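Q: Pasting in a structure now, in structure tokens, and then I'll have a few things to ask.
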Amino acid sequence: MLRTPSAVRDAERHTAHNYHPLPVVISSAEGAWLTDVDGRRYLDCLAGYSALNFGHRHPKLIEAAHTQLDRLTLTSRAFIHDQFADFCRELAALCGKDLVLPMNTGAEAVETGIKVARKWGYQVKGVTPGQANIVVAEGNFHGRTTTIVSFSTDEDARADFGPYTPGFTVVPYGDLAALTAAIDENTVAVLLEPIQGEQGVVVPPEGYLPGVREVCTERNVLFIADEIQSGLGRTGATFACEQEGVVPDMYLLGKALGGGIVPVSAVAANADVLGVLKPGQHGSTFGGNPLACAVATEVVRLLATGEFQRRSAELGERLHAGLRGLVGKGLVAVRGRGLWAGLDIDPALMTGREACERLMERGVLAKDTHGSTIRLAPPLVITEEEIDHAVAQLAAVLAG
Ligand SMILES: Cc1ncc(COP(=O)(O)O)c(C=O)c1O
């Protein structure tokens, strides 16, 4: 008898239903492959929303975690530990910035960025006290805290969670004129995803990000790039901004930084920006803990080789070529960069959820978003054959 049905029921019994997972119960994983409680194998084409860029249980990351578990796991930031300096120095170098501030989840990195930008606005730019505003984009996804959902345009994410945090101006994504018009003397930052992941892997029009960079510089506004999902190899470069020749004032990082083992996020910026924070003004008990730093330092070292960015760029070509071949055969559009793709399924055929369920039956796991869209974001260790396999399974699902 299969164990999955009762395991699915058990998983739901005492749980808030804030997710609608596929009915699959995973018990082990390696590289790009997952195994469920019934021993069935699945190709992971979501990679924990890019938290598993290096695949499941990458040997170097597991070794770093094991070694650290045997030495020291937590000190809090009240004391300094011996994994902290290397992590901060190496991540700062990877980002080309002076300083980093480690946190845990992506949402915390975003919150940190907002706080730093506001403080910078008051203390450095000279914004009128209490009047700082931040320009954000329609269709954004930056996390789930009350402040972050305050400027979400997704009603599911936002409705009934008010009263909302003021101080945000929402403009259409990709519209430079609208963004420029929204900046006033109290604007401290523009906060954008260089590619909107949750929205369906939406790539902005050419010239948009360089244009944002230019206007931010001209108007003395911080450009904050939320690279929590797009960064750390996913798009075929260390940062998606890099592919547009853009250097933001602040990077927000998360997901893959924790190597799929521990939640690690960080804000990276120069000293004139991050230096506004003084002791007692921001922090987190777990942020920058020894286990997190040990794993994340190894992540930074993996990225410093350039191998994963290269794989993502090269294999991404293959993935996108395969997917483009399905446009008109069940797909209406394909977007993305590197090993990251948003596919719009012909709504006349099936929903994104149905497509993901059928893919699951064929041993491929992916995730739908916004009705008829599917995101593919396989681990960057995926092989050519595995990409071809995923595309073939999708083709079979679309062919009915
Ligand atoms: C661009 C972006 N920012 C922030 C977040 C929030 O990260 P977390 O779920 O770790 O809080 C996400 C999560 O999907 C994201 O994609």
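The values are calculated or read from the model by the stated rules, or taken from the named source; none is laboratory data. Here the structure is a predicted model, which means the values were calculated and not measured. FYI the Cβ positions are ideal-geometry reconstructions off the backbone, even for glycines, and counts take in every protein chain you see. Accessible surface is based on the protein model in full, side chains and every heavy atom, while ligands, DNA and RNA are left aside. Shrake-Rupley method; radii C 1.70, N 1.55, O 1.52, S 1.80 Å.
Q: Could you look through region 26-40, keep only residues that are over 13 Å from G363 (Cα atoms) and without any contact (Cβ under 8 Å) to a residue 24 or more places away in the chain, and pick out the one that is most open to solvent (accessible area, probe 1.4 Å)?
A: Looking at residues that are over 13 Å from G363 (Cα atoms) and without any contact (Cβ under 8 Å) to a residue 24 or more places away in the chain, I get S27.
Q: Continuing with this model, one more query. Applying the selection to region 348-382, what residues are among the hydroxyl-bearing types (S, T, Y) and touching a Leu at 6+ places or on another chain (Cβ under 8 Å)?
A: T373
Q: Evaluate the following for V267: is it closer than 29 Å to V124 by Cβ, β-branched (V, I, T) and at pLDDT 95 or above?
A: In short, yes.
Q: On the basis of being of a type in the set (A, V, I, L, M), crowded, with 24+ Cβ neighbours inside 10 Å and part of a helix (DSSP H, G or I), does A395 make the cut?
A: no
Q: Still on this structure, I have one more. Could you tell me how many of the residues in region 124-151 are within 23 Å of T105 (Cβ to Cβ) and buried (at least 16 other Cβ atoms within 10 Å of the Cβ)?
A: Of the residues in that region, 14 qualify.
Q: Mind checking which residues of region 115-151 are closer than 17 Å to L252 by Cα, part of a strand (DSSP E or B) and either away from the ligand (no atom under 12 Å from the Cβ) or outside the structural domain of L291 (by the TED database) (or both)?
A: Result: I134, V135.
Q: Please count how many residues of region 364-392 are part of a loop (DSSP other than H, G, I, E, B), out of contact with any Ser or Thr (no Cβ under 6 Å at 6 or more places or on another chain) and open to solvent by less than 10 Å² (accessible area, probe 1.4 Å).
A: Number of matching residues: 4.
Q: Okay, moving on. Would you mind stating whether G275 is at pLDDT 95 or above, over 30 Å from A390 (Cβ atoms) and either aliphatic (A, V, I, L, M) or surrounded by fewer than 17 Cβ atoms within 10 Å (Cβ to Cβ) (or both)? Spell out the reasoning first.
A: Numbers: at pLDDT 95 or above: yes; over 30 Å from A390 (Cβ atoms): yes; either aliphatic (A, V, I, L, M) or surrounded by fewer than 17 Cβ atoms within 10 Å (Cβ to Cβ) (or both): yes.
In short, yes.
Q: Counting just the residues of region 225-281 that are within 11 Å of the ligand (Cβ to nearest atom) and among the β-branched types (V, I, T), which one comes out farthest from P59 (Cα to Cα)?
A: Filtering region 225-281 for residues that are within 11 Å of the ligand (Cβ to nearest atom) and among the β-branched types (V, I, T), the one farthest from P59 (Cα to Cα) comes out as I228.
Q: In region 302-324, is there at least one residue being in contact with a His (Cβ under 9 Å, 6 or more places away or on another chain), on the phi > 0 side of the Ramachandran plot and assigned to a loop (DSSP other than H, G, I, E, B)? Don't jump to the end; show me each part of the working.
A: First pass over region 302-324, keeping only residues in contact with a His (Cβ under 9 Å, 6 or more places away or on another chain): 302.
Subset that is on the phi > 0 side of the Ramachandran plot: none.
There is no residue in region 302-324 that is in contact with a His (Cβ under 9 Å, 6 or more places away or on another chain), on the phi > 0 side of the Ramachandran plot and assigned to a loop (DSSP other than H, G, I, E, B).
Q: Under the condition of being part of a helix (DSSP H, G or I) and farther than 25 Å from V247 by Cα, which residue from region 278-301 is most open to solvent (accessible area, probe 1.4 Å)?
A: Filtering region 278-301 for residues that are part of a helix (DSSP H, G or I) and farther than 25 Å from V247 by Cα, the one most open to solvent (accessible area, probe 1.4 Å) comes out as L291.
Q: Looking at region 89-114 only, could you name the residues that are β-branched (V, I, T) and either open to solvent by 50 Å² or more (accessible area, probe 1.4 Å) or more than 16 Å from the ligand (Cβ to nearest atom) (or both)? Even if it seems obvious, please write down each step before you answer.
A: Restricting attention to region 89-114, the residues satisfying the condition of being β-branched (V, I, T) are 100, 105, 110, 112, 114.
Across region 89-114, the qualifying residues are V100, T105.
Q: Here is a further query. Would you say C241 is more than 26 Å from N53 (Cβ to Cβ) and assigned by the TED database to the domain that holds V127?
A: For C241, the condition - more than 26 Å from N53 (Cβ to Cβ) and assigned by the TED database to the domain that holds V127 - is not met.
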